[in-house]
Amino acid sequence: MGDFWTYLIYNGLLLTVIQDYQGGNNPIYIGQALPGSSLTNASWRILKNTYNGSGQLTNVQWSPLAATFGDIWNNRTSLVYN
């Protein structure tokens, strides 16, 4: 499964949401940014999901600059998540 795009409203803001499944059935990386944000600009907050062997979500970690929407989506696999 490839990337999946959708929208959500967060604190009154419309955000673009992209999900990266990394070839599996569950989204590993989820990014949120203002609509029109480039995948290469520092305008994203990204979370990383971890799953157990049964496919149950076990951990959610945020990208380093998630609070300020300052991460780059295309760098998601090399970021250190907290």
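The values are calculated or read from the model by the stated rules, or taken from the named source; none is laboratory data. Here the structure is a predicted model, which means the values were calculated and not measured. Every residue, glycine as well, gets a Cβ built from its backbone with ideal geometry; the counts of neighbours run over all protein chains shown.
Points worth noting:
- Considering segment 33-82, and only residues there that are touching a residue at least 24 places away in the same chain (Cβ under 8 Å), out of contact with any helix residue (DSSP H, G or I) (no Cβ under 9 Å at 6 or more places or on another chain) and polar (S, T, N, Q), the residue that is surrounded by the fewest Cβ atoms within 10 Å (Cβ to Cβ) turns out to be Thr77.
- Just one of (1) touching a Ser or Thr at 6+ places or on another chain (Cβ under 8 Å); (2) modelled with pLDDT of 95 or more fails for Trp5. It is (2).
- Selection status of Trp5, free of Cβ contacts under 8 Å to residues at least 24 places away in the same chain and not polar (S, T, N, Q): yes
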